[in-house]
Amino acid sequence: MTTPTTAPETVQLAVLAALDASPAGVLEDSRTLVVEGRKMDGAPEQILVKAAVDSLSRREMVSYTQKDTMVNFLTPEGTATLQNGSQEAQFWKALNLVGEGEGKTLKQVQDVIGEAAAKAGQPTAMKKKWLTREGATFFKAVATIEDTAQADVKEVEATGTLKGGDKLLYDLRKRKLISQKKFIHFTVSKGPNFATTITKLETDLTSEMITSGAWKKASFKKYNFAAAGVPTDGGSLHPLLKVREEFRNIFFEMGFTEMPTNKFVESAFWNFDAMFVPQQHPAREMQDTFYIKDPSTAGAPPQDYYDRVSTIHESGGHGSIGYRAPFSLPESQRLLLRTHTTAVSTQMLYNLANQPGGFKPAKMFSIDRVFRNEATDATHLAEFHQVEGVVADVGITLADLIGFMKEFFAKMGIENLRFKPAYNPYTEPSLEIFQYHAELDKTIEIGNSGMFRPEMLEPMGIPSNVRVLGWGLSLERPTMVKYKIKDIRTLVGHKVDIEGVRKAAGVRLDKPVM
């Protein structure tokens, strides 16, 4: 069914003209409407009429009621009956009258009128007593017949119904000669705002209309309070948050507790000094660290702890000779954007050592943002997320650290790890973690780890027989690999594709992501 391509305004004007021409102001049956010389009596045309009267009704120019009509139409089988006669009549026509020639077998009749027509027509013709049978051959039993089925489909084709009533229509439907479909049409009458022309309705009251006074003569479209609004978009999790949640679940499965990481600004004491990073370390220079201009300094750390940290830096202790360099309180009090979440781990370890009842073993983790004064490119930003785990217990060793690494990464589907000795100011020994990346066909670094130095732990009050191991990795790298993102600037920042965030699939870290 193809909908005619008549302009909606043309149909609307035709409806208004028909109402204006009617003495009663009523168009009883929209199927009698004529538009541009075409009668609108078919289903496609009534679709156009429906759109027209809907639009006019919203303007209160007309009112209408919808009428439903069941219409009968010929099926392909019915059309064949109309053209060639019914199947029983075709069977009869293919035979000789009894006594006037040879009879024909069913196979011979099939060769004339077709297998389907012969098989369907023979029982009906026998029932009507049009045929007689001698053995396997058939003859005409009567010289003339009345093909009522052909007459019926002809009447349906012409009128859409049968004078004989519903039973005959049912019989034709049962024989699949006709089918029935519901069609709609309309009774249309004048509305309170009836006119023969259509005035454009304004949808907005503009400042220009108010200034010019045009609003006084304008007609405004009524607000449709029943209309559905534009669907609102629900919140969408950023890919980083999806991967972050998977990391959190892994830590929780391993019995870790989450550290509070809601402080982006730290003092140099907690970010560097307490971790046994020398005050002359290159990482403290402006090219690596964002220092806060106003306010520029933090309050003093706990005095007794500060004194112990100062001593270990300047003079050493606990088996260390220290850095043998001056230690400055103003340097310790400088405020900065934290360069690693280990600044939080340091404070948590200090609290762990000084809690009521003394030290207790702990497993802690954090996932949050850190800041480095670096040039941005496809793989680096001035801010990124660090995933960090810390384990503190009596007598644990480097073997425990490696075991934790293997279990942690195995939960992400990463196996066959390799470890390489490395240097960190606050861990000794330190290990870089590598894995072979099959897609890149090379070994890549995926994290860093180590055992925290006694120079960091014992000034806190951590017992000398307690060891603390830790490891960390970025959040962005596995996210970029998982979502096939090549430029980190399209993952974080003003270049992020919001639609891409909405459509980003969920993620599971049970397969390799590195």
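The values are calculated or read from the model by the stated rules, or taken from the named source; none is laboratory data. This structure is a prediction, so every number in the text was calculated from the model and none was measured. Neighbour counts are summed over all protein chains in view; Cβ atoms, including those assigned to glycine, are modelled from backbone coordinates with ideal geometry. When the accessible area is computed, the model is the full protein with side chains, heavy atoms only, and any ligands, DNA or RNA have been set aside. Shrake-Rupley method; radii C 1.70, N 1.55, O 1.52, S 1.80 Å.
For the chain, find the longest principal axis of its Cα atoms and tell me its angle to the long axis of helix 303-314, 0 to 90°, nearest 10.
Computed tilt is about 80 degrees.
May I ask for the longest run of the chain untouched by chymotrypsin sites (Phe, Trp or Tyr not before Pro) that are loop-located per DSSP and have at most 11 neighbouring C-beta atoms (other than their own) within 10 Å?
226-514
Taking the Cα centre of region 195-301 as origin, work out the dipole magnitude from +1 charges on Lys and Arg Cβ and -1 charges on Asp and Glu Cβ, in debye rounded to 20. Provide the component values of the computation, followed by the final result.
Details: 11 positive and 13 negative charges, 178 e Å.
Magnitude of the dipole: close to 860 debye.
With the full set of protein chains in place, find how many percent of the accessible area of the chain is carbon and sulfur; take the probe as 1.4 Å.
Numbers: 14710 of 27940 Å².
Carbon plus sulfur share of accessible area: 53 percent.
Given LEU241, GLN280, HIS318, which one lies farthest toward the positive end of the charge dipole of region 221-322, if we put +1 on the Cβ of every Lys and Arg and -1 on the Cβ of every Asp and Glu?
The residue sitting most towards the positive pole is LEU241.
Which three extents, in whole angstrom, do the alpha-carbon atoms of the chain cover along their principal axes, largest first?
Result, largest extent first: 133, 85, 43 Å.
Just check region 1-101 against the gyration tensor rule for me: Cα atoms, a ≥ b ≥ c as the square roots of the eigenvalues, rounded for a/c under 1.5, and otherwise prolate or oblate depending on whether a/b exceeds b/c. If you can, show how the numbers build up before the last one.
Details: a/c = 4.04, a/b = 3.51, b/c = 1.15.
Since a/c reaches 1.5 and a/b is larger than b/c, the shape of region 1-101 is classed as prolate.
Calculate the all-directions average of the projected area of region 276-343's alpha-carbon convex hull, and give it in nm². It would help to have the intermediate numbers written out before the result.
Details: hull surface 20.1 nm².
Hull-based average projected area comes out at 5.0 nm².
Please identify every one of the GluC sites (Glu not before Pro) in region 354-407 that sits in a loop by DSSP and has no more than 13 other beta carbons within 10 Å of its own beta carbon. Each step should come with its number before you reach the end.
On the way: sites: GLU374, GLU383, GLU388, GLU407; in loops: GLU374.
Sparse-neighbourhood loop GluC sites (Glu not before Pro): GLU374.
Let a ≥ b ≥ c be the square roots of the eigenvalues of the Cα gyration tensor of region 252-411; is it rounded (a/c under 1.5), or, if not, prolate (a/b larger than b/c) or oblate? If you can, show how the numbers build up before the last one.
On the way: a/c = 1.68, a/b = 1.14, b/c = 1.48.
Oblate shape, in that a/c is at least 1.5 and b/c is the bigger or equal ratio.
Which is farthest toward the positive dipole end of region 17-174 among THR161, VAL34, PHE139, measuring Cα position about the Cα centre, with Cβ charges +1 (Lys, Arg) and -1 (Asp, Glu)?
Of the listed residues, the answer is PHE139.
Given +1 on the Cβ of Lys and Arg, -1 on the Cβ of Asp and Glu, and no further charges, what dipole in debye does the chain carry about its Cα centre, rounded to the nearest 20? Don't skip to the answer; put the middle values down first.
Numbers: 62 positive and 62 negative charges, 384 e Å.
Once rounded to the nearest 20, the dipole reads 1840 debye.
Please report, in whole Å, how far the alpha carbons of region 438-497 spread along each principal axis, starting with the longest.
Taking max minus min along each principal axis of the Cα atoms, region 438-497 gives 50, 32, 14 Å.
So what J values fall out for region 7-18 if you push phi through Karplus, 6.51 cos²θ - 1.76 cosθ + 1.60 with θ = phi - 60°, rounded to Hz, Gly and Pro as x?
Running phi through 6.51 cos²θ - 1.76 cosθ + 1.60 with θ = phi - 60° gives 4, x, 4, 5, 5, 4, 5, 5, 5, 5, 5, 5 Hz.
Out of TYR223, THR339, MET451, whose Cα points farthest toward the positive end of the dipole of the chain (charges: +1 Lys, Arg; -1 Asp, Glu; placed on Cβ)?
Projecting each Cα onto the dipole axis, the largest value belongs to TYR223.
Just to be sure I understand: if I project the alpha-carbon convex hull of region 137-224 onto a plane and average over all orientations, what area do I get in nm²?
Seen from a random direction, the Cα hull of region 137-224 projects 13.1 nm² on average.
Heavy-atom accessible area per residue, the chain, 1.4 Å probe: how many Å²?
For the chain, the per-residue accessible area is 54 Å².
Find the relative contact order for region 186-299 and round it to a whole percent, using C-alpha pairs within less than 8 Å whose residues are 6+ positions apart. Numbers along the way, then the final one.
On the way: 23 pairs, mean separation 15.1, N = 114.
Dividing the mean separation by the residue count of region 186-299 yields 13 percent.
Could you give me the ³J(HN,Hα) list for region 460-472, computed from phi with Karplus coefficients 6.51, -1.76, 1.60 and θ = phi - 60°, whole Hz, x at Gly and Pro?
After applying 6.51 cos²θ - 1.76 cosθ + 1.60, I find 6, x, 5, x, 5, 8, 8, 10, 10, 10, x, 8, x Hz.
Relative to the first principal axis of the alpha-carbon coordinates of the chain, what is the inclination of helix 148-159, with its axis defined by its Cα atoms, in degrees from 0 to 90 and to the nearest 10?
On a 0 to 90 degree scale, this one is about 70.
Let me have the relative contact order for region 159-244, percent, based on Cα pairs under 8 Å that are six or more residues apart. Provide the component values of the computation, followed by the final result.
Numbers: 21 pairs, mean separation 13.9, N = 86.
The value is 16 percent.
Roughly how tilted is helix 398-410, in degrees to the nearest 10 and between 0 and 90, from the longest Cα axis of the chain?
The two axes meet at around 10 degrees.
Starting from the exponent 0.38 and prefactor 2.2 Å, build the expected Rg for region 379-421 from its residue count and divide its actual Cα Rg by it. Mind dumping the intermediate values first?
On the way: Rg = 13.4 Å, N = 43, 2.2 N^0.38 = 9.2 Å.
Taking the Cα Rg and dividing by 2.2 N^0.38 Å, one obtains 1.46.
How large is the charge dipole for region 101-260, taken about the Cα centre, if only the Cβ atoms of Lys, Arg (+1) and Asp, Glu (-1) carry charge, to the nearest 20 debye? It would help to have the intermediate numbers written out before the result.
Numbers: 26 positive and 19 negative charges, 190 e Å.
Once rounded to the nearest 20, the dipole reads 920 debye.
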